[in-house]
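Colleague: Below are the structure tokens for one structure; questions will follow.
The values are calculated or read from the model by the stated rules, or taken from the named source; none is laboratory data. Predicted, not measured: the structure shown is a model, and the values here were computed from it. All Cβ positions, glycine included, derive from the backbone under ideal geometry; neighbour counts span all protein chains shown. All accessible areas refer to the heavy atoms of the entire protein, side chains included, with ligands and DNA or RNA removed. Shrake-Rupley method; radii C 1.70, N 1.55, O 1.52, S 1.80 Å.
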Amino acid sequence: TTLLEARTVCKSYGDFHALTDVSLSVADGEFISIVGPNGAGKSTLVNVLTGLLRPTSGRVAFRGTDIGGIGPVELARRGMARGFQLVNVFPELTVRETLGVAASSRLKRTGNPLRSLARDREVADAVEEVAEIFNLRHRLDQPARALSQGEKKLLDVASAFALKPELILIDEPTSGVSTGDKHSIMELLIDACRKAGVRGIIQVEHDMDLVARYSDRIVALQAGRVLADEKPEVFFKD
Ligand code: ADP
Ligand code: ADP
């Protein structure tokens, strides 16, 4: 089955064509890397795929349903989540609070006190669970700004996990992190996906060693077009 499908997506900013006829699909169980030089359209594509930007033309469907402009919170309720670098926006929140914000955004608000109690418990449990998976338990009550660069990246990925998605999108999960830490982050991430029942991963990544090693498929963008959509063996053949 197909988790996510973009069909002939175009996105313009005024007269500028940031994406032209981009098609891609993510099958159940796939790990896809989006690569390309600065300005190729990677961020725009991720924003279109996550409903943050509406395509100028073409369509994006998650599990067969069009997501045109539904927004990240509704999309998370339907099973697709991304990291939002909350740690950069709210560095004073503790790790527990950061994960709690993410986990609770998935759940509908309610005026019923018993239901809100159940909801609070569900959030607290999700926070504990995800902190355990990402080795952040000992950091739960510290402000996010106190974390190392690698831990901040993990916190961002963990926030997306707290939404219990089927498909996860991660923007440069390892940028600014040492080479050794990059591999441990990727391995934690893949292991966490297996444990948490995440069915698909899309990452934007610059580090070609990581891309070659962990992706099932590589989508290369250049000047807003798909230049290649290949398995790593084929992509790195020459
Ligand atoms: P990448 O993530 O690959 O660096 P982006 O998607 O950020 O690429 O940008 C693709 C192109 O679109 C760049 O030339 C960028 O300057 C332009 N762009 C991105 N966002 C906007 C915007 N909101 N308004 C105008 N141009 C934009
Ligand atoms: P990244 O390197 O992560 O793609 P950018 O610096 O390209 O980040 O973009 C940061 C934000 O600025 C994005 O939301 C992008 O859409 C917007 N942006 C990028 N280029 C332009 C532009 N030329 N005009 C207006 N907004 C832009």
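Colleague: Only one residue in Val46, Val73 is hydrophobic (A, V, I, L, M, F, W, C) and surrounded by fewer than 17 Cβ atoms within 10 Å (Cβ to Cβ). Which one? Steps first, please.
Modeller: Values: Val46 fails: surrounded by fewer than 17 Cβ atoms within 10 Å (Cβ to Cβ).
Answer to the selection: Val73.
Colleague: State which residue pairs qualify: first residue touching a residue at least 60 places away in the same chain (Cβ under 8 Å) and inside the range 143-171, second residue in a loop (DSSP other than H, G, I, E, B) and among the aliphatic types (A, V, I, L, M) in any location, beta carbons under 7 Å apart, and separation of 6 or more residues or different chains.
Modeller: Leu155/Leu136; Leu155/Leu147; Pro165/Val198; Glu166/Val198; Ile168/Val198
Colleague: Name the residue that is farthest from ligand 2 (Cβ to nearest atom), counting only residues in the range 10-19 that are surrounded by fewer than 17 Cβ atoms within 10 Å (Cβ to Cβ) and part of a strand (DSSP E or B).
Modeller: Step one: of the range 10-19, the residues surrounded by fewer than 17 Cβ atoms within 10 Å (Cβ to Cβ) are 10, 12-17.
Still in the list and also part of a strand (DSSP E or B): 10, 12-13, 16-17.
Working: Cys10: 16, Ser12: 12, Tyr13: 7, Phe16: 8, His17: 13 Å.
Among residues in the range 10-19 that are surrounded by fewer than 17 Cβ atoms within 10 Å (Cβ to Cβ) and part of a strand (DSSP E or B), the one farthest from ligand 2 (Cβ to nearest atom) is Cys10.
Colleague: Okay, moving on. Go through the range 22-50 and give me each residue that's in contact with a helix residue (DSSP H, G or I) (Cβ under 9 Å, 6 or more places away or on another chain), within 16 Å of ligand 2 (Cβ to nearest atom) and under 26 Å from Arg194 (Cβ atoms).
Modeller: Ser33, Ile34, Val35, Thr50
Colleague: How many of the residues in the range 135-186 are among the small types (Gly, Ala, Ser), open to solvent by less than 30 Å² (accessible area, probe 1.4 Å) and assigned to a helix (DSSP H, G or I)?
Modeller: Taking the range 135-186 as the starting set, the residues that turn out to be among the small types (Gly, Ala, Ser) are 144, 146, 148, 150, 158-160, 162, 175-176, 178, 180, 184.
Filter once more, so that each one left must be open to solvent by less than 30 Å² (accessible area, probe 1.4 Å): 144, 150, 158-160, 162.
With the extra rule that they be assigned to a helix (DSSP H, G or I), the set shrinks to 144, 150, 158-160.
Selection size over the range 135-186: 5.
Colleague: Looking at this structure, is Gly14 out of contact with any strand residue (DSSP E or B) (no Cβ under 8 Å at 6 or more places or on another chain) and either within 11 Å of ligand 1 (Cβ to nearest atom) or closer than 22 Å to Arg217 by Cα (or both)?
Modeller: Values: out of contact with any strand residue (DSSP E or B) (no Cβ under 8 Å at 6 or more places or on another chain): yes; either within 11 Å of ligand 1 (Cβ to nearest atom) or closer than 22 Å to Arg217 by Cα (or both): yes.
Considered against the rule, which asks whether it is out of contact with any strand residue (DSSP E or B) (no Cβ under 8 Å at 6 or more places or on another chain) and either within 11 Å of ligand 1 (Cβ to nearest atom) or closer than 22 Å to Arg217 by Cα (or both), Gly14 comes out as yes.
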